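A short write-up of the structure that comes next.
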Amino acid sequence: MPIRRLISPIALAAALFVLAGGARAFDDDKYPDWKGQWTRLGGVQWDDTKLPGRGQRAPLTPEYQAVLEESLATRSKAASATST
C-alpha cells in the first residue's frame, strides 16, 4: 500500500504549512487595501432612477421586445408556481 505511506508526510507538510501562516503571493504592504471597493450596495443593476423590469424602458427592436415579454412572462409564471 504505497498510498498509506504517503498519508503521514502529506499530513505533516499540511500541518507545517498551516503553522507557517500559509503562502503569500505578494507583500500586502506594497499595495493599497481595496477590500470592499467593488461591492455593490443594494440590488440595482441598471438605471436606479427608473423602475425595475419594464420600467427601465429600454429602446428595443420589436424582435427583442418579444424576447423580453416572453422572459418576463416565464419569470412571472415561475414565481407564481413556487409561491403556491
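The values are calculated or read from the model by the stated rules, or taken from the named source; none is laboratory data. All values derive from a computational prediction rather than experimental measurement. Cβ sites come from the backbone with ideal geometry, for glycine too, and all protein chains shown count toward neighbours.
Computed quantities for the displayed model
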item	result
Selection from the range 28-50 of residues that are modelled with pLDDT under 75 and among the aromatic types (F, W, Y)	W38
Pairs where the first residue, in the range 67-81, is within 14 Å of P52 (Cβ to Cβ) and the second is not in a helix (DSSP H, G or I), C-beta under 7 Å, 6+ apart	L68/L60
